[in-house]
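Before I ask anything, here is the structure I am working with.
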Amino acid sequence: MAEKKIPYKIYLEESEMPKAWYNLRADMINKPAPLLNPKTLEPMTAEDLAGVFCDELIKQELDDTTAYVEIPEEIQSFYKMYRPAPLVRAYCLEEKLQTPAKIYYKFEGNNTSGSHKLNSAIAQAYYAKQQGLKGVTTETGAGQWGTALSMACSYLGLDCKVYMVKVSYEQKPFRREVMRTYGASVTPSPSMETEVGRKILEAHPGTGGSLGCAISEAVEKATKTEGYRYVLGSVLNQVMLHQSVIGLETMAAMEKYDIKPDIIIGCAGGGSNLGGLIAPFMGKKIKGELDCRFIAVEPQSCPSLTRGKYAYDYCDTGMVCPLSKMYTLGSGFMPAANHAGGLRYHGMSSTLSQLYDDGLMEAVSVPQTAVFEAAEAFARVEGILPAPESSHAIKVAIDEALKCKETGEEKTIVFGLTGTGYFDMMSYEKFHDGKMTDYVPTDAELEASFAKLPKVEK
Ligand SMILES: *Cc1c(COP(=O)(O)O)cnc(C)c1O
């Protein structure tokens with residue numbers, strides 16, 4: 001039978017776009033461990049979470065049994081503004097590598113926020129609006145999440161209050177202005193607006209802030225302001241649920257051309273894009289319907305899966321959020337200052353952590369100079385200027401394709417290209433000027449951080 005010629009880009013028709021998200025937890029044999037209340041160490045209940053998150057999102061967070069969750073019409077319409085995302089056959093990269101492997105990538109950077117984060121931002125803003133809330137608060141580091149959320153909020157007429165880590169606020173003025181263009185209010189964190197911010201400023205005057213600190217400020221603001229809730233762009237189960245749109249579209253596109261994946265690769269910060277990309281494929285693997293490898297790629301300077309501990313830990317530095325059982329470097333862990341490539345979160349989605357612990361998913365860590373080499377090589381042949389985060393996946397996809405060249409195997413490799421890197425040119429500059437270095441934390445550093453893990457007997 002003649003193979004159908006596979007186009008450079010496989011697009012779905014609008015009518016073929018997913019109408020329900022897929023909740024992988026429903027099909028997992030070993031479920032991810034529940035969130036724990038930081039005060040009582042008992043599993044978090046919907047009531048415990050009610051002051052912080054929106055009601056419908058809490059339901060999604062705690063639901064381990066419903067496999068498909070209908071995507072509300074209004075969210076489907078919003079998705080149609082920038083989706084379906086293309087599944088691209090990387091013919092040019094294959095040619096350049098002279099590999100018999102077939103390489104595909106799912107490109108999520110085709111929207112103003114420049115990443116996959118918009119897939120969850122619109123869902124979270126929608127449920128806040130449905131609940132009759134006035135606004136949402138959040139934190140942003142590099143700015144992709146804040147940008148995505150401000151776009152979603154402006155679409156729905158919801159207030160959006162972003163605490164942006166102060167160093168990023170100062171170093172990435174363009175990101176900040178994009179958020180303000182969409183009507184968000186952006187405050188450098190730590191700020192004088194919150195108790196926790198004032199405390200931190202008093203203890204560390206002139207600090208550039210951190211993501212953990214910005215989370216604490218955003219949570220405080222949400223819980224103390226009538227009609228506001230807090231939203232988070234990664235790590236949580238609900239975010240992975242919304243991001244399953246990536247994997248569902250990828251699977252539908254592949255089925256159109258009878259393509260079967262051998263290896264699926266994604267970068268992992270908090271795990272939302274990777275979790276979303278692999279979800280439906282992993283579901284099939286668990287049911288014995290698909291034989292496929294899954295690889296999470298993380299930076300060597302922040303190696304949660306490859307060198308972390310599987311334990312209950314705080315999700316934030318301020319220790320106000322619930323405890324999550326995950327692969328973690330300790331909530332106080334900070335990647336070295338020379339770390340440019342994103343993915344700097346200390347922990348990992350509890351779902352991906354469980355899959356990794358069960359041996360259903362692999363993980364590798366890569367040094368950042370190798371990541372930027374891969375980014376540049378990719379940009380030169382495929383045209384897209386990738387985000388440093390996404391480039392972790394590119395690096396490992398190239399490595400796997402080169403292995404195929406040695407063995408002559410025609411494997412099908414799929415990776416997630418989560419976004420574009422236009423706001424990361426300072427990092428590219430460092431790389432081009434030869435000023436980028438690699439840092440690998442020592443065992444002693446990690447041990448010191450592990451020693452501060454909360455003592456939980458679960
Ligand atoms: C936020 C981000 C990531 C990492 O987040 P995950 O939750 O691990 O997906 C990866 N790529 C881009 C472009 C991002 O903005």
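When you check Ala375 against the structure, is it within 15 Å of the ligand (Cβ to nearest atom), modelled with pLDDT of 95 or more and touching a helix residue (DSSP H, G or I) at 6+ places or on another chain (Cβ under 8 Å), yes or no?
Here the answer is yes, as Ala375 does meet what is asked.
Output the number of the condition that Glu457 fails; it satisfies all remaining conditions of (1) more than 16 Å from the ligand (Cβ to nearest atom); (2) surrounded by 15 or more Cβ atoms within 10 Å (Cβ to Cβ); (3) farther than 30 Å from Val178 by Cα.
If we test Glu457 against (1) more than 16 Å from the ligand (Cβ to nearest atom); (2) surrounded by 15 or more Cβ atoms within 10 Å (Cβ to Cβ); (3) farther than 30 Å from Val178 by Cα, just (2) comes out false.
Additional query: Go through the stretch 67-108 residue by residue and tally those that are buried (at least 22 other Cβ atoms within 10 Å of the Cβ) and among the polar types (S, T, N, Q).
Result for the stretch 67-108: 1.
For the stretch 82-99, which positions are part of a helix (DSSP H, G or I) and under 17 Å from Lys411 (Cα atoms)?
Tyr91, Cys92, Leu93, Glu94, Glu95, Lys96, Leu97
I would also like to ask the following. In the stretch 423-448, what residues are polar (S, T, N, Q) and either surrounded by 13 or more Cβ atoms within 10 Å (Cβ to Cβ) or touching a residue at least 12 places away in the same chain (Cβ under 8 Å) (or both)?
Within the stretch 423-448, Ser427, Thr437 meet the criteria.
Just to be sure, is Arg380 among the basic types (Lys, Arg) and assigned to a helix (DSSP H, G or I)?
Here the answer is yes, as Arg380 does meet what is asked.
How many residues does the stretch 404-429 contain that are touching a strand residue (DSSP E or B) at 6+ places or on another chain (Cβ under 8 Å) and charged (D, E, K, R)?
Qualifying residue count for the region: 2.
Out of the helices (runs of 4 or more DSSP H) lying entirely within the stretch 100-191, which hold 1 or more residues that are at pLDDT below 95 and of a type in the set (Gly, Ala, Ser)?
By residue number, 166-171.
So, one more: Where in the stretch 231-315 are there strands (runs of 3 or more DSSP E), lying wholly inside it, with at least 1 residues that are assigned by TED's automatic domain parsing to the domain that holds Glu108, crowded, with 24+ Cβ neighbours inside 10 Å and within 11 Å of the ligand (Cβ to nearest atom)?
It comes to 263-267, 293-299.
In the stretch 194-210, is there at least one residue being surrounded by 20 or more Cβ atoms within 10 Å (Cβ to Cβ), in the same structural domain as Ala142 (by TED's automatic domain parsing), more than 23 Å from the chain's Cα centre (by Cα) and not in a helix (DSSP H, G or I)?
Yes: the stretch 194-210 contains one or more residues that are surrounded by 20 or more Cβ atoms within 10 Å (Cβ to Cβ), in the same structural domain as Ala142 (by TED's automatic domain parsing), more than 23 Å from the chain's Cα centre (by Cα) and not in a helix (DSSP H, G or I).
The values are calculated or read from the model by the stated rules, or taken from the named source; none is laboratory data. Here the structure is a predicted model, which means the values were calculated and not measured. No Cβ is skipped: glycine too gets one built from the backbone with ideal geometry, and neighbour counts run over all protein chains shown.
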